[in-house]
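Chemist: Would you mind keeping the following structure in view while I ask a few things?
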Amino acid sequence: MVKLKKLVILAILIQIYFAFEVSKLGVKYYNQTSEINVYANELTSQKTQLPFDYFYLNFCPTEKKIVQDENLGSLILGDVVIDNLPNLFENLEGNFEVGVPLGYYEKEDGKKKYYLYNHLTFTIKYHKKAVQQQNLKKNEKQQEQIQQYYVVEFFVDPESSYTNNIDGQIIPACELYNESPDNLKQEINVGEDDTYIAFTYDIVFEESDIDYTTRWDIYKKTLGEDEIHWFSLMNSMLIILFLTIILGQVLKRTLSRDIQRYSQVDQQEDLQQDLGWKQLQREVFRSPKRAIFMSTFTGVGIQIFCMTFITLTFTVIGIDQETVRGSFLNSLIICYVFMGTVSGYWSARIYKMLGGVYWLRSTLLVSLLYPSIVFGILFAVDFLLSLEGSMSMGFVVIIELITLWLGVSTPLVFIGAFFGFRREKIENPCSVNPVPNYIPPQPWYLQKKVIYIVGDLC
């Protein structure tokens with residue numbers, strides 16, 4: 001009992017620590033001479049759902065392509081970021097969007113004229129913090145105060161600026177941008193073979209009072225994620241509560257009617273014929289024909305339910321902030337992998353309760369059946385992306401996922417199944433009839449195929 005209390009206190013302290021410190025994990029500080037890299041690895045379009053690589057279009061390639069070291073979650077996502085913050089762009093309606101458009105078009109005399117955004121103004125807002133640092137000079141400890149900076153907001157303001165003195169030579173960017181009149185834009189003439197365009201950028205640094213722990217608030221407020229999340233959550237809870245109340249009332253009335261019927265018949269007639277719910281009393285816990293599949297789906301369902309609960313819990317308490325880009329998705333993948341012990345344990349206990357004896361076959365189905373379906377869909381989508389787009393995950397990411405599946409998740413499923421089969425068999429609360437009751441033929445609208453189709457449509 002004392003050990004249990006200590007464990008509970010330790011768990012509470014860990015939760016309190018994470019409540020205050022989880023948003024500070026992975027804080028990256030800068031000084032006045034630090035470099036800030038901008039990463040862009042995705043192009044999207046309103047005409048297709050398939051993203052493209054940044055260099056898929058004919059942009060000027062850099063001398064050396066810099067590849068950011070990313071985790072598994074960030075490799076699956078893909079964004080334009082500075083210090084793990086996606087940029088915000090203010091459109092003509094005054095609303096903010098994530099990403100930067102390549103250009104726009106205007107209608108003049110019934111014709112569309114296309115303009116390219118070739119000048120970007122990066123606005124980086126930072127928060128300054130003074131820290132004490134120890135220096136060892138001549139065996140004497142000295143305290144000095146240094147300034148540290150970290151990025152809290154990132155905005156991009158695109159502009160279209162025409163320059164007419166470009167003939168392939170290298171010209172300073174400041175001269176190019178200053179020579180462009182305010183009302184002259186960089187037009188794209190469809191059909192021209194050679195068009196020289198100067199791409200320039202400005203950087204504006206602004207100090208901000210926003211703390212690092214709250215830097216994601218503006219993104220959630222701007223994009224309306226909080227409102228959509230809470231509305232969907234409350235809507236789902238109300239629907240489930242409403243359906244539960246209706247089902248409870250139906251069952252209550254049915255049981256009350258059956259109890260009244262039982263009290264009206266004498267003991268002899270009651271022994272000769274079962275009525276109502278008594279007909280199902282000894283059939284509820286009968287083992288199905290394919291008990292191995294039932295135990296498999298039940299174990300995987302418990303695993304998915306646990307992952308859903310953890311995801312909703314993290315989202316409600318605000319631990320979905322992308323302190324490190326892709327870390328939240330990466331954590332969910334790892335958590336799902338380690339929860340293979342849960343699915344293996346409960347599938348083994350249910351399979352043993354149903355009288356199953358093929359423990360190896362059951363464990364293999366738990367570890368391979370559902371992930372195989374998911375991987376099949378994932379490979380099909382990734383194959384389509386590789387054909388029509390440029391943002392497929394790549395061979396390395398697929399190997400990493402397969403390694404997590406076969407090298408980590410599968411052994412954990414076997415460990416959970418080992419402990420599940422060692423536990424005592426779950427005993428049914430009532431015995432099962434040796435001979436199954438006769439089920440009369442059902443009308444066509446109550447057959448399984450029709451019910452499956454109607455259930456999918458609803």
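Chemist: If I filter segment 441-458 for residues that are in a loop (DSSP other than H, G, I, E, B), within 41 Å of the chain's Cα centre (by Cα) and surrounded by fewer than 10 Cβ atoms within 10 Å (Cβ to Cβ), do I get at least one hit?
Modeler: yes
Chemist: It is to be established whether one or more residues within segment 351-367 are assigned to a helix (DSSP H, G or I) and closer than 20 Å to THR308 by Cα.
Modeler: yes
Chemist: How many residues are of a type in the set (Ser, Thr, Tyr), free of Cβ contacts under 8 Å to residues at least 40 places away in the same chain and either over 21 Å from SER367 (Cα atoms) or outside any helix (DSSP H, G or I) (or both) if we restrict to segment 278-313?
Modeler: Total meeting the criteria: 2.
Chemist: Look through segment 398-410, keep the residues that are free of Cβ contacts under 8 Å to residues at least 60 places away in the same chain and exposed (fewer than 15 other Cβ atoms within 10 Å of the Cβ), and return whichever of them is nearest to LEU365 (Cα to Cα).
Modeler: Ranking the qualifying residues of segment 398-410, first place goes to LEU406.
Chemist: Can you tell me which residue within segment 290-332, out of those that are modelled with pLDDT under 85 and charged (D, E, K, R), is farthest from GLU153 (Cα to Cα)?
Modeler: Checking each candidate, the answer is ASP320.
Chemist: Restricting attention to segment 199-223, and to residues there that are touching a strand residue (DSSP E or B) at 6+ places or on another chain (Cβ under 6 Å) and of a type in the set (A, V, I, L, M), which single residue is modelled with the lowest pLDDT?
Modeler: ILE210
Chemist: Collect the residues in segment 412-442 that are over 25 Å from LEU354 (Cβ atoms) and either at pLDDT 85 or above or not assigned by TED's automatic domain parsing to the domain that holds SER287 (or both), keeping them in residue-number order.
Modeler: Those that are over 25 Å from LEU354 (Cβ atoms) and either at pLDDT 85 or above or not assigned by TED's automatic domain parsing to the domain that holds SER287 (or both): none in segment 412-442.
Chemist: For segment 422-437, indicate whether the set of residues that are assigned to a helix (DSSP H, G or I) and either of a type in the set (A, V, I, L, M, F, W, C) or surrounded by 15 or more Cβ atoms within 10 Å (Cβ to Cβ) (or both) is non-empty.
Modeler: Within segment 422-437 (the criterion being assigned to a helix (DSSP H, G or I) and either of a type in the set (A, V, I, L, M, F, W, C) or surrounded by 15 or more Cβ atoms within 10 Å (Cβ to Cβ) (or both)), the answer is no, since none of the residues qualifies.
Chemist: Same structure again: Using beta carbons and a limit of 7 Å, which pairs, at least six apart or on different chains, have the first residue in segment 365-388 and over 21 Å from ILE292 (Cβ atoms) and the second one surrounded by 12 or more Cβ atoms within 10 Å (Cβ to Cβ)?
Modeler: ASP382/SER392; ASP382/MET393; LEU385/LEU50; LEU385/MET391; LEU385/SER392; SER386/SER392; GLU388/LEU50
Chemist: Within the bounds of segment 336-343, is there any residue that is crowded, with 16+ Cβ neighbours inside 10 Å, at pLDDT below 90 and hydrophobic (A, V, I, L, M, F, W, C)?
Modeler: Yes, segment 336-343 has at least one match.
The values are calculated or read from the model by the stated rules, or taken from the named source; none is laboratory data. Only a predicted model underlies this, so the values are computations on that prediction, with no experimental measurement involved. Cβ atoms come from the backbone with ideal geometry, glycine included; neighbour counts cover every protein chain shown.
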